Amino acid sequence: MNRINEEAENKPQLKLEFEIKEKDFNVAGEAASKVKKTLQQLGLTPEAVRNIAIVIYEAVMNVVIHATCGQLKVIIIPERVTVLTEDKGIGISNIELAMKEGYSTATHEIREMGFGAGMGLPNIKQCSHKLNIKSQVGVGTVLEAIIYLPSKDEKG
Amino acid sequence: MNLRDVQKILKAEVLCSEHLLEREVETGFGCDLMSEMLAFAGSHTLLITSLTNEHVIHTAEIMDAVGVVYVSGKQPAKEIINKANHNNIPLLSTPFLMFECCGLLFTSGLKGCKRDNS
């Protein structure tokens with residue numbers, strides 16, 4: 001993780017940061033929406049914009065649902081976009097199980113909102129090229145998803 | 001078909017963004033789980049749901065959905081309608097229940113999303 005951040009420091013980059021508070025369910029959609037607009041202005045492909053927005057929505061929703069507080073950072077460099085969430089909370093005891101479609105520990109209240117169906121992490125994996133999750137039970141979770149951007153020649 | 005056709009088929013009330021009803025609808029996706037929509041709905045899709053919270057609007061915006069149909073005559077709160085209007089997302093409300101609503105659109109020629117849509 002550190003290696004990527006160090007490398008990125010030498011290149012032109014744009015960093016967007018959002019604070020995530022407990023039970024602030026709206027922040028997920030709002031952050032995804034704001035970043036989406038920024039990425040569209042930067043001229044990213046619709047597919048990349050959509051994938052990044054989905055990753056942000058799901059990752060922030062996970063923090064809101066499961067953690068007590070956290071932070072979202074979106075780091076944009078010409079080659080890739082990194083979505084990073086860091087939270088303080090219960091952590092994930094079994095990451096492999098959490099990655100399984102349909103597995104969820106969310107409450108009924110969360111499900112009634114349309115989330116907690118056990119699709120969050122699988123969606124993030126599906127929409128990103130690289131996904132790293134580090135979690136410590138009772139401490140918190142760090143999630144880093146990387147989406148590589150096609151070079152201008154590849155956009156077609 | 002376009003959203004105006006959808007409105008007629010579903011005898012739907014238009015809640016906002018009526019000026020955008022000429023928009024073409026490529027596929028339909030009926031669900032009350034936002035993550036399923038984020039996973040499987042393609043772009044230019046019509047979202048059909050009975051959920052009326054703000055997550056539907058955020059999801060529609062992120063997915064570039066052409067519009068949202070609320071089934072069972074449901075209608076979201078005014079601030080949610082305003083939010084959709086601000087984001088150019090037409091909202092429709094149909095008296096039909098989910099199964100009938102999807103069936104009516106499907107038999108009128110609207111295709112569903114495939115799992116590998118992206």
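General observations
- Among the residues of the stretch A:97-115, those that are touching a helix residue (DSSP H, G or I) at 6+ places or on another chain (Cβ under 7 Å) and either within 8 Å of chain B (Cβ to nearest Cβ) or among the aliphatic types (A, V, I, L, M) (or both) comprise A:98, A:99, A:106, A:110, A:113, A:114, A:115.
- Residue A:120 within 11 Å of the chain's Cα centre (by Cα), surrounded by 15 or more Cβ atoms within 10 Å (Cβ to Cβ) and at the interface with chain B (Cβ under 10 Å from one of its Cβ atoms): yes
- Qualifying residue in the stretch A:31-46 (condition: away from chain B (no Cβ under 14 Å), in contact (Cβ under 8 Å) with a residue 24 or more places away in the chain and surrounded by fewer than 23 Cβ atoms within 10 Å (Cβ to Cβ)): yes
- Condition check for residue A:125: of a type in the set (Lys, Arg) and within 13 Å of chain B (Cβ to nearest Cβ): yes
- Test: residue in the stretch A:108-123 that is more than 29 Å from residue B:50 (Cβ to Cβ) and either part of a strand (DSSP E or B) or touching a residue at least 60 places away in the same chain (Cβ under 8 Å) (or both): no
- Condition check for residue A:54: part of a helix (DSSP H, G or I), of a type outside the set (S, T, N, Q) and modelled with pLDDT of 95 or more: yes
- Odd one out for residue B:116, checked against (1) surrounded by fewer than 18 Cβ atoms within 10 Å (Cβ to Cβ); (2) under 25 Å from residue A:48 (Cβ atoms); (3) at pLDDT 95 or above: (3)
- Number of the condition not met by residue A:61 [criteria: (1) over 14 Å from residue B:38 (Cβ atoms); (2) surrounded by 15 or more Cβ atoms within 10 Å (Cβ to Cβ)]: (1)
The values are calculated or read from the model by the stated rules, or taken from the named source; none is laboratory data. Treat the numbers as computed from the prediction; the structure is a model and nothing was measured. In this analysis, Cβ positions are derived from the backbone assuming ideal geometry, glycine residues included, and neighbour counts consider all displayed protein chains.
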